Amino acid sequence: MTAAETGALSPEIAFAVIGVLGVGAQWLAWQLRLPGIVMMLVAGLIVGPGLGLMVPARDIGPLVEPMIAVAVAIILFEGGMTLNLHGLRDAAKGVKRLVLVGAPLGWALSAAALHYVAGLGWAAASVFGGIMIVTGPTVIAPLLRQARLARRPAVMLQWEAIVNDPIGALAAVLAFTLLVEFQDGFSLDGSLLLLMLGFAVAAGIGWGAGKSVVQAFRGAYVPEYMKVPVLFVTVLAVFVGSNVIAHESGLLAVTLMGIVIANSNLPSFSELRRFKEHATLLLVSGVFILLAASMDFGSLELLSWRSLAFLAVVVLVVRPATVLLSLMGTGLPWNERLLVAFTGPRGVVLVAVAGLFGEKLVGLGIEDGHKIVPLAFALVATTVVLHGFTLAPIARALGLAGTDTPGLLIVGGSRFATALGETCQSLKVPVLVTDRNYSRLRGAREIGLSTYYGDILSEGAEHGVELVSYGVVLAATENDAYNTLVATDFAHEFGRDNAFQVTRDETSSGRHTLPSTLGGRSIGRAVGVAELNRLIMAGWEVKATGLTEEFGLEDWRNTHPDGFLLGRLDASGLKLMADDAEFRATAGTRLIAMTPPVAV
């Protein structure tokens, strides 16, 4: 029978549906300011078990499992590429404890909760308990962006999630291997030796592959346009090769390979990482839609009140106890410990690995294996929804998150920058003024603005400036090229709509003019920073004016015919803009503008 006769989708249509649903769900989540994984879970359940429009096992067939395995490997590799050891610094002690102490402790406590609360036998509980070590790097990253946490707890959560992902998979492998050995005739020494050998093989393959890629890229043995394809092919080869040599060791190998590349100071590393982030977004979307669509509502009937009690124990007891016991004696502030303790969302890797080992347990005759997948989905849904809505409020309550109004980062300590910063700060908008010349920051310091002396693009600024409170950047130095560089760099951090620079000098000849595709959006009138400074010295001021039902935008323009707008503050936050930008001005909006001195 044909696919049309059976109601099945052709593989190409199924792939298109997965892509549209995955990316569409993430876009809708961004619009609604909801966790993306929640929307993907809902979308997958609707088209899969809900309406029966797509059944991956029917529509894609035997490709489902290897697709998920490869996607998870690439996701972990990209996660490893974010782990630059320089980024640890003061968070290093906490991360080490969360990995070296937290992983085995979390395994033991999770297995105990599964056995005594959820009612699973020790065999299934020990395997699933190992998988529960993972905290979901693909979920943590968007949650951190949404909550805008302080750097140290954010670094701890990110590193713990990425490093513990392959460790969780290996823990499940260890438990499963011991279980098989127990059924075939117990030999603890042989199993442990085999596991340690697999660990060493994976580490060697990952380290060697990472070093080889670095040497090939640094020695110009690979042209620029082929670096990303070569990287992808190498990841696939390392993952598959390591798994062939040592069973289930590929995840560790690709993660270590990513860490080696991340700490190699490759000139093209930023471009590689950004492309990998985009690829990972697509893979996360696809994998989660696949997993959710593969669910069977009948399996959810296996869940009972004991399952609900288990979820509560994991969130309120197991996770806090694991973190707080692991971080004892580290000297970390209690507010940071508490935030990490009550933040443990699970994601794609948990569900993917749980599905793999659930089937293997059933194959061994352990019926509790059927309960692992529904429990995994319930755990993911519960933790993602819970932390998605509570992380930001809890972080603010503990003093570890930015303000509700994203602040303004001004690069360049000119008179104009000082005047703009003073006005924004009076509106309760956090302001930071930076400059490479210490004396230029004197005016900002005198009026109480926060300042940073140094290059905002330097490694020192990356680790010394807490960007969590800032969501808009304005490059306002006298160097057009540097302004363009700053705006281009921060566009990736803050979004291109929130990266601004003063108007470029248009009098330069064609050979000196920078491409229009680089840099940020212009602010104010088409004048440079020198002219803005001259206006300030001539008595012009940066003022804020509130709009009302009776006094609207046109009334303001009529009142200040020579003034020009720099930005506005409304319910959505601070928005810088060009003077001629069109926008909908409503009552309650506060305009920020340059106005001439009042004639006496």
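The values are calculated or read from the model by the stated rules, or taken from the named source; none is laboratory data. Nothing here was measured: the structure is a model prediction, and the numbers come from that model. Cβ coordinates were reconstructed from backbone atoms using ideal geometry, including for glycine residues, and neighbour counts include every protein chain displayed. Ligands, DNA and RNA are stripped out before the accessible areas are found, and what is left, the full protein with its side chains, is counted by its heavy atoms. Shrake-Rupley method; radii C 1.70, N 1.55, O 1.52, S 1.80 Å.
Things to note:
- Annotation: lysines with alpha-carbon distance below 28 angstrom to Lys543 (same-chain offsets under eight excluded): Lys428, Lys575.
- Integer Hz, Karplus 6.51/-1.76/1.60 couplings in order for region 568-575, x for Gly and Pro: 8, 10, 9, 4, 8, x, 7, 10
- Packing, taken as the mean count of other beta carbons within 10 Å per residue, orders the peptides 286-296, 319-329, 253-263, 360-370 from highest to lowest as 253-263, 286-296, 319-329, 360-370.
- Taking amide H as placed 1.01 Å from N in the peptide plane, the amide H of Leu566 sits under 5 Å from that of Ile592, Ala593, Met594, each at least 5 places away or on another chain.
- The residues of the chain present an accessible area of 45 Å² per residue when probed at 1.4 Å with all protein chains retained.
- Amide H contacts under 5 Å for Ala578, placed H, 5+ residues apart: Gly524
- Order by protection proxy (mean Cβ within 10 Å, highest first), peptides 339-352, 214-227: 339-352, 214-227
- Shown here: Rg and Dmax of the Cα atoms in Å, derived from the displayed model; of the candidates (1) 24.4, 73; (2) 24.2, 79; (3) 27.2, 99, it corresponds to (3).
- Rounded to 0.05, the FRET efficiency of the Trp27 and Asp562 pair, given R0 = 35 Å and the Cβ-Cβ distance, is 0.25.
- Fraction of alpha-carbon pairs over 23 Å apart in region 284-370 - percent: 43
- Peptides 65-71, 106-112, 410-416 ordered by average Cβ neighbours within 10 Å, highest first: 410-416, 106-112, 65-71
- Efficiency of FRET from Cβ geometry, Glu466 and Tyr438, R₀ 22 Å, rounded to 0.05: 0.60
- Per-residue extension of 0.36 nm, minus the Cα-Cα distance of Ala108 and Glu582, leaves a gain of 164.7 nm for this segment.
- Evaluating 6.51 cos²θ - 1.76 cosθ + 1.60 at θ = phi - 60° for every residue in region 95-100, the Karplus couplings come out as 5, 4, 5, 5, 8, 6 Hz, glycine and proline recorded as x.
- Working note: Karplus 6.51/-1.76/1.60 with θ = phi - 60° gives region 65-74 the couplings 5, x, 4, 5, 4, 5, 4, 4, 4, 5 Hz, where Gly and Pro are set to x.
- Computing FRET efficiency as 1/(1 + (r/R0)^6) for Trp305 and Ala530, where r is the C-beta to C-beta distance and R0 is 51 Å, gives about 0.10.
- Take the Cα of Ala16, step 7 Å toward its Cβ, do the same at Val385, and the gap between the two points is 3.3 nm.
- Under 22 Å from Lys211, Cα to Cα: lysines that are on another chain or at least 8 residues apart: Lys227, Lys276
- The figure for Glu12 is an accessible area of roughly 120 square angstrom, using a 1.4 Å probe on the protein chains alone.
- Region 402-503, accessible surface, carbon-and-sulfur percent (1.4 angstrom probe): 44
- Set of lysines near Lys93 by C-alpha distance (under 17 Å), chain-local residues within fewer than 8 positions excluded: none
- Amide H partners (placed H, <5 Å) of Ala475, local residues excluded: Val411, Phe500, Gln501, Val502
- Largest-first ordering by accessible area, 1.4 Å probe, given options Ile245, Ile372: Ile245, Ile372
- Positive contributions from Lys and Arg (+1) and negative ones from Asp and Glu (-1), summed over other residues with Cβ under 9 Å from the Cβ of Gly119, come out at +1.
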